[in-house]
Amino acid sequence: MLKFEYRICTSFNWTSKFAEEMKTCFFNSGFKFKNFKGLDNRNAKEKSELISEAEVVILAGGHVPTQNIFFQQINLKNELKTSNKIIIGFSAGSMNGSEEVYAQPELQGESLDPNYKRFLKGLGITKSQILPHYNLIKNEDLDGKRLFEEITYTDSFGRAFITLNDGCYLYGDGQYEIVYGESFIISDEQLENVMKNVQETAKELIEKIDIELEKYVAPVPKKSMTMKERIDKAKTKCSEKKPQETELKNDKLSNNKIKGENEL
């Protein structure tokens, strides 16, 4: 049973609704909570206490720039940096979790607005810049343009965006980041299928771990042989040599015989 759960939202109207839906999903999956609370501007002053008591922190969905502003206001990056929590990001929450956030234009007029900032400072939880819901929005239009082909692709110069279909996720432990499920990388206006074999990746990691562990494992000393074992081993070697010597003698006799017949 998890001790505490906080779902971080930015809109009062949606906080309770999303929190209840999320709690139901976890309960249906077999998880139980002693406490389950939301964190928004209504209780932002209690952020340090609430987060310190939590075991799991969920970064909810919403409008990426709006959520990003809220995270900056409560200095969430520092709050999480000084704690050891399981952090789960959904939708906008996963996007704002990266070091540099790509705030893909979403609302009408955002792609045309010269003041709209597409790249923001994130929480630094992941190195990857995530674009979720790819299967749902890949064919969308915005402001008379193709959302991906004419907007996102152009923004990908010098960067790499990882698209995730619903049901896929990125796992990170501070050292490695692995994508589970089918995903694509958008970089320099190119779309590349990066359907990685997770088992191969895991195998490589395990092999590296095994190599490191071997450094700390003391070698097993060889067992010394008893006198009887030495005698038996010597007898075995002798018995192995005798047939060979007999074969050599037979070959020699056979050769002499052939030689004698040739001389006749």
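Quick notes on this structure:
- Label point distance in nm, Glu149-Leu213, each placed 7 Å from Cα along Cα→Cβ: 5.0 nm
- Applying 1/(1 + (r/R0)^6) with R0 = 51 Å to the Cβ-Cβ distance of Glu182 and Ser52 gives a FRET efficiency near 0.85.
- Here the label points at Ile69 and Glu229, each 7 Å from Cα along the C-beta direction, are separated by 7.8 nm in the simple model.
- Largest first, the residues Cys168, Cys25 sort by 1.4 Å accessible area into Cys25, Cys168.
- Ordering of 27-39, 46-58 by packing [mean C-beta count within 10 Å, highest first]: 46-58, 27-39
- At 1.306 mPa s and 10 °C, Stokes D of the stretch 76-210 from Kirkwood alpha-carbon radius, µm² per second: 99 µm²/s
- Debye-formula intensities of the stretch 31-110, expressed as log10 I(q)/I(0) at q = 0.14, 0.18, 0.24, 0.26 Å⁻¹, are -0.48, -0.78, -1.31, -1.49 (one equal scatterer per alpha-carbon, no solvent).
- Extension gain for Trp14 to Asn193 (0.36 nm times residue separation, less C-alpha to C-alpha distance): 61.0 nm.
- Amide N proximity, the stretch 147-172 versus His133 label position 7 Å along Cα-to-Cβ, cut-off under 19 Å: 147-153, 161-170
- Fully extended contour minus Cα-Cα distance, from Arg42 to Glu106, at 0.36 nm per residue: 20.4 nm
The values are calculated or read from the model by the stated rules, or taken from the named source; none is laboratory data. This one's a predicted model, so the numbers in the text were calculated from it and none came from an experiment. Here Cβ is always computed from backbone atoms with ideal geometry, including for glycine, and neighbour counts include all displayed protein chains. Accessible surface is based on the protein model in full, side chains and every heavy atom, while ligands, DNA and RNA are left aside. Shrake-Rupley method; radii C 1.70, N 1.55, O 1.52, S 1.80 Å.
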